[in-house]
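So the structure is just underneath, and the comments pick up after that.
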Amino acid sequence: MAEKEVILTQDGLKKLEEELETLKSVKRREVAERIKIAIGYGDISENSEYEDAKNEQAFIEGRIITLEKMLRNARIINNDEVDTNTVSVGAKVVLRDLEFGDDVEYTIVGTAESDPSQNKISNESPVGKAILGKQKGSIVDVNVPTGDPIQYKIVDIKK
């Protein structure tokens, strides 16, 4: 089975590489030390510190595997590739809610680096899917799970 391509911006690539390095060089050592200390407490069959440290170790190792796979399958979107004529991954898009008249700016990113609190939305999110490939001035309907579709107008597309 082919592994899914992971679309990343340069910033997203840098953040994943930094997280991977921290997990490998810092977190692994910290959890190994915690395990060593917990073993020193004696009987590990009823040792919650040991159990917690082993669970954290499993999480860290799983995350390392996930990050390595993501980086191996990454396709990097360079700022030079971003088209300001149509919405694409890496673009900053200003949308106007046609019901309320509010404008919001989103950066379209791959799922690995989406962060709605930073206005970075995935190309696979409902809004991302609806606007991908559309041009400035287009009206799009975004289907939301909570009811009627929301209409947006694409006000601007920039790098």
List every residue whose amide H lies under 5 Å from the amide H of residue 155, counting only residues 5 or more places away in sequence or on a different chain, with H placed 1.01 Å from N in the peptide plane. 94, 95, 96, 137
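Quick one: net charge of residue 73's neighbours, Cβ under 13 Å, K/R +1, D/E -1?
Computed value for this residue: +1.
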If amide H atoms are modeled at 1.01 Å from N in the peptide plane, then the residues at a separation of 5 or more from residue 7, or on another chain, having amide H under 5 Å from its own are 75, 111, 112
On a straight-distance basis, which lysines could pair with residue 36 in a cross-link, Cα separation under 28 angstrom, same-chain partners fewer than 8 positions away excluded? 24, 27, 54
Within the stretch 5-23, find all residues whose amide N lies under 19 Å from a label point positioned 7 Å from the Cα of residue 80 along Cα-to-beta-carbon. 8-14
Value at 222 nm in deg cm²/dmol, rounded to 500, when DSSP H runs of n ≥ 4 in the chain each add -39,500 (n - 2.57): -11500 deg cm²/dmol
Residue 41 paired with residue 129, simple spin-label distance in nm, labels 7 Å along Cα-to-beta-carbon: 4.7 nm
Report the full-extension gain for the segment residue 52 to residue 17: residue separation times 0.36 nm, less the Cα-Cα distance, to one decimal in nm. 10.0 nm
Tell me, 71, 13 in order of fewest to most beta-carbon neighbours within 10 Å? 71, 13
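Using alpha carbon coordinates only, what is the Rg to Rh ratio of the chain, with Rh defined as the Kirkwood radius?
Reported Rg/Rh (Cα atoms, Kirkwood Rh): 1.16.
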Selected from 91, 109, 77, residue furthest toward positive end of dipole (the stretch 55-159; charges at beta carbon): 77
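Every read-out reported here was derived from the displayed coordinates using simple, explicitly stated rules and does not represent laboratory data. All figures in this text were calculated on a predicted structure; none of them were measured in a lab. Reconstructed Cβ throughout: ideal geometry from the backbone, glycine too, with neighbour counts over all protein chains shown.
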